[in-house]
1. Taking the condition under 25 Å from residue 79 (Cβ atoms), acidic (Asp, Glu), part of a helix (DSSP H, G or I) and modelled with pLDDT of 75 or more, does residue 145 pass?
2. For residue 37, indicate whether it is β-branched (Val, Ile, Thr) and more than 19 Å from residue 68 (Cα to Cα).
3. I need a count of the residues in segment 113-132 that are exposed (fewer than 11 other Cβ atoms within 10 Å of the Cβ) and at pLDDT below 85.
4. Looking at 73, 110, 80 in this structure, which one is under 29 Å from residue 3 (Cβ atoms), within 13 Å of the chain's Cα centre (by Cα), at pLDDT 80 or above and assigned to a helix (DSSP H, G or I)?
5. If you check residue 8 against the conditions, is it under 30 Å from residue 167 (Cβ atoms), buried (at least 18 other Cβ atoms within 10 Å of the Cβ) and either at pLDDT below 90 or among the polar types (S, T, N, Q) (or both)?
Amino acid sequence: MKLIVAELQRNSLDSKWLHQIPLGRKEEYDTKDPTKIYFIERGNLLVTKTLTSDAILDVQGINNKIYEIFTENDLVALENLSDENTNLAFKMVALDRSEIISIDKEYLLNYCTNKPSFLETILKYTTAKTLQYEEKSLAFLGSREQRLSWSIETQRNSELNEEINMTNRILSKLSRVDESFVSRNIEKIN
């Protein structure tokens, strides 16, 4: 993905297609723009995806949020590649000094039309992400202990930088359990 973004940057004559956004530690970036995809050039982000829809009957702000950690060379807001407007909002919080690149969806798709190898790489990336989401959805059918265990194991296997402290708060969001449950059970699960 890094090579694709580098080529997009080299060949972009108009600055409106690509925009670099530096983020300090704990700095937030919110977006509801369905025309943008974000590439993490440097750092790690806790991303909150919030779905707003008339079809959701749950209390606003509780069951319609998904938390994920994205690391260097990941794409955020892949859902925006679809023509369907899913009403997703993305809140990105930098876990360390980070830099993201905002990429215009149409610019990326047009580039993929002219360069099929880009499209193939993006399809492979989205397929891998879809498989991760399926694995996560199966894990989240389990008990609170299983969800917490899955989140801990997933973060341990990811390539997060050593300097990031995986706090109980972050683990509770990723596992969709309350923070006190994480505090009581983390030693037992670890």
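1. Taking the combined requirement at face value, the residue does not satisfy it.
2. On the way: β-branched (Val, Ile, Thr): yes; more than 19 Å from residue 68 (Cα to Cα): no.
Judged against the criteria, residue 37 is not a match.
3. Counting residues in segment 113-132 that are exposed (fewer than 11 other Cβ atoms within 10 Å of the Cβ) and at pLDDT below 85 gives 1.
4. None of the other options fit; the residue is 80.
5. Details: under 30 Å from residue 167 (Cβ atoms): no; buried (at least 18 other Cβ atoms within 10 Å of the Cβ): yes; either at pLDDT below 90 or among the polar types (S, T, N, Q) (or both): yes.
In short, no.
The values are calculated or read from the model by the stated rules, or taken from the named source; none is laboratory data. All values derive from a computational prediction rather than experimental measurement. Virtual Cβ from ideal backbone geometry, glycine too; neighbours counted across all protein chains shown.
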